[in-house]
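The values are calculated or read from the model by the stated rules, or taken from the named source; none is laboratory data. Here the structure is a predicted model, which is why all the values come from computation and not from measurement. When we count neighbours, we look across all protein chains shown, and the Cβ atoms used for this are built from the backbone with ideal geometry, even at glycine. The accessibility values were calculated without ligands, DNA or RNA, using every heavy atom of the protein model including side chains. Shrake-Rupley method; radii C 1.70, N 1.55, O 1.52, S 1.80 Å.
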2 protein chains.
Amino acid sequence: MAQKPSIPKGTRDFGQAEMARRNYIFDTIRSVFRTFGYQQIETPALENLSTLLGKYGDEGDKLLFRVLNSGDAFSGIDYGQYRLEGDRYNSKALSLKVSEKGLRYDLTVPFARYVVQHQNEISFPFKRFQIQPVWRADRPQKGRYREFYQCDVDVIGSRSQVNELELVQMVDRVFSLLDIRVGIHINNRKVLTGFAEIAGAPDQVIDITVAIDKLDKVGLEKVEEEMRDKGISEGGIAVIRQILSLDGSTAEKMAQMRSLFQGGSASGIVSATGLKGLDELEELSSLIKAAGLSQEVGLDLSLARGLNYYTGAIFEVKALDFPIGSICGGGRYDNLTGIFGLPDLSGVGISFGADRIYDVLTGLDKFPADLGSTTRLLFAVMGADELRYVLPVARALREQGIAVEVYPEAVKLKKQFDYAARKSIPFISINGTDEIAAGTVNLKDLTTGEQKALPKDDLDAIVDFLQ
Amino acid sequence: MAQKPSIPKGTRDFGQAEMARRNYIFDTIRSVFRTFGYQQIETPALENLSTLLGKYGDEGDKLLFRVLNSGDAFSGIDYGQYRLEGDRYNSKALSLKVSEKGLRYDLTVPFARYVVQHQNEISFPFKRFQIQPVWRADRPQKGRYREFYQCDVDVIGSRSQVNELELVQMVDRVFSLLDIRVGIHINNRKVLTGFAEIAGAPDQVIDITVAIDKLDKVGLEKVEEEMRDKGISEGGIAVIRQILSLDGSTAEKMAQMRSLFQGGSASGIVSATGLKGLDELEELSSLIKAAGLSQEVGLDLSLARGLNYYTGAIFEVKALDFPIGSICGGGRYDNLTGIFGLPDLSGVGISFGADRIYDVLTGLDKFPADLGSTTRLLFAVMGADELRYVLPVARALREQGIAVEVYPEAVKLKKQFDYAARKSIPFISINGTDEIAAGTVNLKDLTTGEQKALPKDDLDAIVDFLQ
């Protein structure tokens with residue numbers, strides 16, 4: 001019985017046209033990474049579950065794809081022990097018995113594992129990039145896949161803001177090369193921590209950040225109400241009111257924040273962390289100015305991604321001409337490798353969202369037009385002698401790096417022309433007994449209709465005609 | 001508690017030096033595929049188990065990595081039903097209950113699935129290549145991994161020997177570019193079938209091929225003994241003796257075979273299949289002659305790989321100067337897509353063994369020397385002003401495609417020089433107040449010791465010095 005073939009939900013096949021476009025994105029990104037001295041690594045798709053579990057929260061643990069132990073995985077287990085009620089069993093506990101490996105969930109944890117495992121072979125600061133698929137047992141939906149590529153670039157082992165600068169420069173360069181106008185948003189986790197500290201609620205960074213972010217949508221009154229519900233004191237709310245009334249240019253806002261952090265807020269609390277955050281932002285901003293950027297960059301105090309792990313700079317990039325959310329983001333993390341036994345290593349990294357960048361390029365019609373076709377010339381074939389006649393010419397052209405196809409069968413010319421059309425091959429060569437007698441190849445430009453017979457050994461002239 | 005990090009047995013991390021070498025191999029192969037008009041596709045790592053099971057034999061089914069269903073995978077199962085004895089359970093049956101997906105075992109079955117699923121979008125003959133990892137739950141050992149890349153190129157939908165020719169040409173070109181001398185061995189499954197037919201044992205192709213192959217090692221008497229044990233008749237053994245005594249040049253051997261297949265053997269049996277095989281071999285050989293090859297190619301009647309699925313040409317490639325077995329192989333298969341409901345589609349393909357090619361290049365010391373270093377110039381950094389001074393120069397050089405690093409911290413110069421040495425960076429630039437005052441950058445060639453101060457805006461001169 002023939003099976004009707006399909007692939008698992010949330011996974012994709014990439015045909016040659018999509019691959020050409022995806023490779024265009026990855027090649028562009030890779031080429032930029034290389035000009036900054038970042039070098040590629042790859043880690044296995046299969047990691048030990050002990051490496052992955054507990055790194056992404058309870059929700060993340062549930063989304064890990066677990067791989068069954070090979071061999072007799074289900075024997076030696078007392079199933080009764082795992083029974084909950086009726087035919088319900090403790091799947092979480094049982095899966096640990098039968099599965100020791102899982103599929104990579106992101107590139108960050110494998111990177112941390114890699115750095116610790118190979119610390120003696122690595123030169124720090126270690127600048128690496130990694131472009132590989134990851135797997136998540138998420139509910140599949142439009143734009144969310146169970147298997148997708150991540151494209152991460154990180155530097156670990158240096159606290160200098162030059163690293164943040166380089167990431168911003170790489171973002172700037174990648175999107176300039178891809179011809180996508182972007183806004184690069186920058187914030188610093190320490191500044192957000194500073195706000196919580198001077199509001200007298202140092203443990204409520206996330207609550208306060210979320211509230212600040214809502215001002216435009218819900219108004220001051222609702223924000224204050226939410227703060228009260230979260231248990232922020234009236235004194236704290238007064239400080240938040242001061243933060244929300246920050247005004248003027250970025251430089252002016254930074255000066256006002258500095259004064260608040262120095263004890264000038266309603267609470268009078270000084271925040272050393274907030275001041276450190278401002279220093280970092282100012283240094284980064286000064287470095288960006290010195291280096292020069294092509295794209296828009298700006299401070300965005302409402303930017304609050306990755307608050308559970310970022311400790312310094314936070315980045316997010318949005319396309320200005322296509323509304324699709326963040327297409328790139330990242331930040332600085334301290335102690336990423338601590339969980340694997342190597343503490344005090346600070347790093348900073350960003351991740352490019354290949355699928356969204358693909359959608360932006362498609363939406364803005366910015367993919368180069370000639371990505372689809374790779375073959376330049378098709379030798380149509382009339383018979384066995386004509387075939388053998390063109391084979392050395394095809395070979396010589398290929399050795400010049402020109403993509404050439406020889407139609408494999410001497411079928412009707414119409415069919416061979418159709419093949420050229422479907423594959424967008426711009427030139428065709430049809431040769432019969434006349435050309436063989438004359439020692440020429442007949443070339444036709446399928447776009448302009450121009451036709452030319454050239455000596456079969458005059459490779460330069462042939463190459464020239466095919467340009 | 002810090003975990004000691006490790007990766008699953010049989011998997012590997014690839015560091016930047018290995019990645020550079022692996023990319024060199026893949027880029028070379030890819031560039032050759034492209035000049036022949038083959039285009040890349042990718043399929044998901046996760047396939048439905050229904051796609052994979054039964055395609056690789058019982059042994060293959062055992063080697064599939066199965067992925068646990070997400071969510072409450074272990075509930076709703078009556079475990080008692082699967083009990084064999086004591087605490088032994090039917091793991092095969094249970095794994096089917098809790099797992100519907102598996103990891104790709106090779107690239108051939110996903111390719112067949114792809115062709116059938118996308119048959120209406122594909123232009124036949126369909127020329128595709130695919131370079132992706134596959135997973136096998138094999139016992140790990142030296143040179144055998146549980147996760148490894150395959151690199152397959154196939155054309156499907158044409159029976160013409162021009163396709164076989166192209167594969168041979170691609171092999172020829174790839175190994176010429178990699179500077180590996182190879183022998184390309186060619187055989188044809190139909191000729192082997194022909195031998196079995198005229199020996200009166202049409203179902204014992206494999207037995208007879210294995211015996212023929214052993215002649216050099218064990219001698220004629222042992223071969224005959226083995227044939228008897230396998231139930232070949234005395235008449236059949238007489239025919240095999242005739243086959244083993246084939247002698248002379250390839251052309252002479254082919255002529256003798258033709259006569260045997262035409263009824264001239266001891267059995268007098270005519271083999272139409274054998275004759276068809278000879279026709280195919282002769283046509284391929286004539287096409288190879290017309291196209292011209294750089295590497296050694298020859299008929300190898302003992303070549304017997306993939307006898308369970310190849311139906312025509314069989315290929316195998318060995319490095320002449322490094323004993324490591326086959327580094328590339330393939331053949332023609334009919335009806336690959338039949339199991340997914342699309343019969344009568346003939347294809348031919350080969351697979352490059354990236355890991356073995358890597359070992360050959362390492363063993364012969366044939367990797368280009370400059371693969372390791374990608375960064376051309378390191379700007380050492382003395383302080384905040386000096387840093388800001390070089391940033392625009394670094395930016396301009398990167399936009400010319402030159403890989404430049406700026407050391408992120410103003411640490412001791414010794415440490416910065418060490419960094420350049422460890423990363424094999426050939427040029428360093430150290431700039432202080434003098435250079436800033438003069439508007440120059442100071443460049444040093446770390447190999448020759450040559451040093452030069454150039455105007456910081458004279459990009460051409462700087463680029464020139466860095467060549």
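Annotations for the structure displayed:
- The residues of region B:373-466 present an accessible area of 45 Å² per residue when probed at 1.4 Å with all protein chains retained.
- Nearest-20 debye value, region A:373-466 charge dipole, Cβ charges on Lys, Arg, Asp, Glu: 420 debye
- Protein accessible area in the protein assembly as shown, 1.4 Å probe - carbon and sulfur %: 47 percent
- Extreme residue, positive dipole direction of chain B, given options B:ASN90, B:SER326, B:PHE111 (C-beta unit charges): B:ASN90
- Alpha-carbon centroid distance for the pair region B:256-328 / region A:356-433, whole angstrom: 30 Å
- Share antiparallel - DSSP beta bridges, the protein assembly as shown, percent rounded to 5: 80 percent
- In this assembly of identical copies, the label point of A:GLY268 (Cα plus 7 Å along Cα-to-Cβ) is separated from its counterparts by 12.1 nm, sorted shortest first.
- Contact order, relative form, for region B:373-466: 31 percent (alpha carbon pairs under 8 Å, 6 or more residues apart, mean separation divided by residue count).
- Distances, shortest first, from the label point of B:LEU459 to those at the same position in the other copies read 3.4 nm; the point lies 7 Å along Cα to C-beta.
- Positive-end extreme of charge dipole, chain A - chosen from A:GLY71, A:ILE198, A:ILE430 (charges on Cβ): A:GLY71
- Against chain A, whose longest principal axis is taken from its Cα atoms, helix A:413-422 shows a tilt of about 10°.
- Computed extension gain for A:ASP203 through A:ASP365, at 0.36 nm per residue and net of the alpha carbon distance, reaches 53.7 nm.
- Protection proxy ranking of A:302-311, A:97-106, A:359-368, B:332-341 - average other beta-carbon atoms within 10 Å, highest first: A:97-106, B:332-341, A:302-311, A:359-368
- Counted over chain B, the DSSP beta bridges are approximately 80% antiparallel.
- Contact order for chain B, expressed relative to its length and based on alpha carbon pairs under 8 Å spaced 6+ residues apart, stands at 14 percent.
- Spin-label model, A:SER259 to B:ALA272: label points 7 Å out along the Cα-to-beta-carbon direction sit 9.9 nm apart.
- Cβ-Cβ FRET estimate between B:ALA438 and B:VAL411, R0 fixed at 25 Å, reported to 0.05: 0.50
- Calculated [222 nm] ellipticity per residue, helices only, for chain B: -13000 deg cm²/dmol; basis is -39500 (n - 2.57) per DSSP H run with n ≥ 4, divided by all residues, nearest 500.
- On the basis of the beta-carbon distance and an R0 of 25 Å, B:ASP72 and B:LYS9 show a calculated FRET efficiency of 0.25.
- For region A:310-321, Karplus couplings with θ = phi - 60° (6.51, -1.76, 1.60), whole Hz, Gly/Pro x: 6, 10, x, 4, 10, 10, 8, 10, 10, 6, 6, 10
- The slack between B:GLU296 and B:ASN335, meaning 0.36 nm per residue of separation minus the straight C-alpha distance, is 11.0 nm.
- Loop-located trypsin sites (Lys or Arg not before Pro) in region B:2-83 (DSSP state not H, G, I, E or B) with no more than 13 neighbouring Cβ atoms inside 10 Å: B:LYS9.
- Chain pair B, A: total accessible area buried, heavy atoms, 1.4 Å probe, Å²: 9500 Å²
- Efficiency of FRET from Cβ geometry, A:LYS92 and A:GLN451, R₀ 60 Å, rounded to 0.05: 0.25
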